[in-house]
Amino acid sequence: MTNVKLLCGALPNIPWQDKPAGQTLPLWRYTQNPIIRRNPVPGVARIFNSAVMPYQGAFIGVFRGEQTNGIPFIYLGRSADGVHWDFAKDKIPFVDENGAPFMPPYAYDPRLVEIEGTYYIIWCQDFYGASIGMAKTTDFKTFTRIENPFVPFNRNAVLFPRKVGGYYTLLSRPSDSGHTPFGDIFLSQSPDMVFWGRHRHVMGKSGNWWENLKIGGGAAPIETSLGWLLFYHGVTGTCNGYVYSIGGAILDRDEPSKVLYRCSTFLLTPETDYEERGFVPNVCFPCATLQDAATGRIAIYYGCADSYVGLAFTTVDEVCDYIIAHDNAGEADKELGRR
Ligand code: BMA
């Protein structure tokens with residue numbers, strides 16, 4: 001056992017189920033999955049690819065709601081236990097810096113991160129092409145858009161939960177205008193959440209067949225004594241379309257564009273009905289985690305088949321041991337990623 005420490009607070013009310021007998025991979029599913037089913041809100045057909053965090057003794061989240069007109073948007077949800085969720089019936093009403101309504105044409109795959117008392121929501125939206133949108137809030141009542149960090153095309157932006165080396169730090173995946181049959185994870189930094197630079201390559205698609213087409217950031221990296229634990233998605237192409245699995249890597253704490261360990265196998269791949277069947281079959285798409293430093297427990301929220309939200313569990317020791325034991329990070333992963 002590596003005895004890795006989670007460098008975060010205690011979360012005694014983290015959703016949890018013990019590892020079932022016979023489990024070989026280090027992530028196991030909640031037995032009551034999916035926790036969010038179809039038609040969860042009037043006018044919303046499906047909620048998936050969504051992010052949650054602890055808030056005022058309970059939980060809050062930003063949810064990708066696919067409206068009945070087919071257009072995705074972001075909805076706020078609250079939960080006492082992290083499992084049963086109540087959703088606002090209206091989309092999050094984003095405003096500009098003057099308080100005037102400022103809604104993106106569409107918005108999907110939100111992530112949610114707190115840094116120094118401000119909560120940031122990061123998503124993919126139209127910016128004359130798919131790119132990244134961002135907003136901040138301190139009270140989950142007023143949601144103020146901030147500058148879009150990148151020009152199109154880009155997806156899967158994931159903010160680190162603290163500044164690294166004095167800079168806000170963001171992972172993203174430059175892409176194309178369609179269903180992007182390629183893509184690596186890059187890192188960018190900013191002194192102010194407005195101007196982004198210091199771009200670095202983190203890691204690319206790999207020779208591991210389950211992630212040999214493209215990869216993208218998943219949940220906000222989790223700080224541990226070993227490094228930043230990153231759950232990401234890896235995609236392979238088949239004769240019947242893409243398959244999205246959950247992968248794991250550990251990034252250097254001070255230079256997170258350097259990959260210390262990268263797991264050669266997936267940690268979770270579509271194999272249940274709710275992952276294999278849905279609007280888009282064969283998708284496991286992680287967007288958030290909860291963690292409890294006191295026990296090492298981690299709960300992973302992931303989109304299932306672009307139709308549902310699922311919950312999976314692991315512990316920091318369990319998953320880090322597995323990643324290290326199955327590490328095959330390559331030279332391009334380990335380097336700083338600057339050319
Ligand atoms: C990606 C994103 C995700 C989606 C996945 C599978 O390109 O659009 O939101 O879950 O495709 O459809």
Return the long-range amide H neighbours of residue 155 (sequence gap of 5 or more, or a different chain), with a cut-off of under 5 Å between placed amide H atoms.
173, 175
Rounded, prolate or oblate, given the Cα gyration tensor of the chain, with a/c below 1.5 counting as rounded?
rounded
Over the chain, what is the mean sequence separation of C-alpha contacts under 8 Å (at least six apart), divided by residue count, expressed as relative contact order in percent?
19
Which distance in Å, rounded to a whole number, links the C-alpha centroids of the stretch 61-131 and the stretch 269-304?
19
Just need the relative contact order of the stretch 174-305 here, percent rounded to a whole number, with Cα pairs under 8 Å and 6+ apart.
17
Under 15 Å, Cβ to Cβ, from residue 241 - net charge with Lys/Arg +1 and Asp/Glu -1:
-1
How would the stretch 20-64 be classified by its alpha-carbon gyration tensor: rounded, prolate or oblate, with rounded meaning a/c under 1.5 and the a/b versus b/c comparison settling the rest?
oblate
Using a 1.4 Å probe on the protein chains only, how many percent of the accessible area of the chain belongs to carbon and sulfur?
51
Among 56, 17, 189, which one shows the highest mean-square fluctuation when the chain is modelled as a Gaussian network with alpha-carbon springs under 10 Å?
56
Please give the per residue accessible area of the stretch 161-239, computed with a probe of 1.4 Å over protein heavy atoms only, in Å².
36
3J(HN,Hα) from dihedral phi, the stretch 29-35, Karplus parametrisation 6.51/-1.76/1.60, rounded to Hz, x for glycine, proline:
7, 5, 5, 9, 4, x, 7
Gyration tensor verdict on the stretch 210-335 (Cα atoms; rounded if a/c is under 1.5, prolate if a/b is larger than b/c, oblate otherwise):
oblate
If you plug each phi of the stretch 169-177 into the Karplus form 6.51 cos²θ - 1.76 cosθ + 1.60 with θ = phi - 60°, what whole-Hz ³J(HN,Hα) values come out, in order, with x for Gly and Pro?
10, 10, 9, 7, 10, x, 8, 10, 7
If you keep only loop residues by DSSP, which chymotrypsin sites (Phe, Trp or Tyr not before Pro) in the stretch 94-192 have at most 11 other Cβ atoms within 10 Å of their Cβ?
128
Quick check: the distance between the Cα centres of the stretch 205-233 and the stretch 133-187, to the nearest angstrom?
16
Let me check against my output: what whole-number percent is the relative contact order of the stretch 69-199, with C-alpha pairs under 8 Å and at least 6 apart?
16
3J(HN,Hα) from dihedral phi, the stretch 127-137, Karplus parametrisation 6.51/-1.76/1.60, rounded to Hz, x for glycine, proline:
9, 6, x, 5, 8, 9, x, 8, 8, 10, 8
Using the Cβ atoms and a cut-off under 13 Å, what net charge is assigned to the surroundings of residue 182, where Lys and Arg are +1 and Asp and Glu are -1?
+1
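The values are calculated or read from the model by the stated rules, or taken from the named source; none is laboratory data. Computed from a predicted structure; not experimentally measured. We place every Cβ from the backbone using ideal geometry, glycine too, and count neighbours over all the protein chains shown. When the accessible area is computed, the model is the full protein with side chains, heavy atoms only, and any ligands, DNA or RNA have been set aside. Shrake-Rupley method; radii C 1.70, N 1.55, O 1.52, S 1.80 Å.
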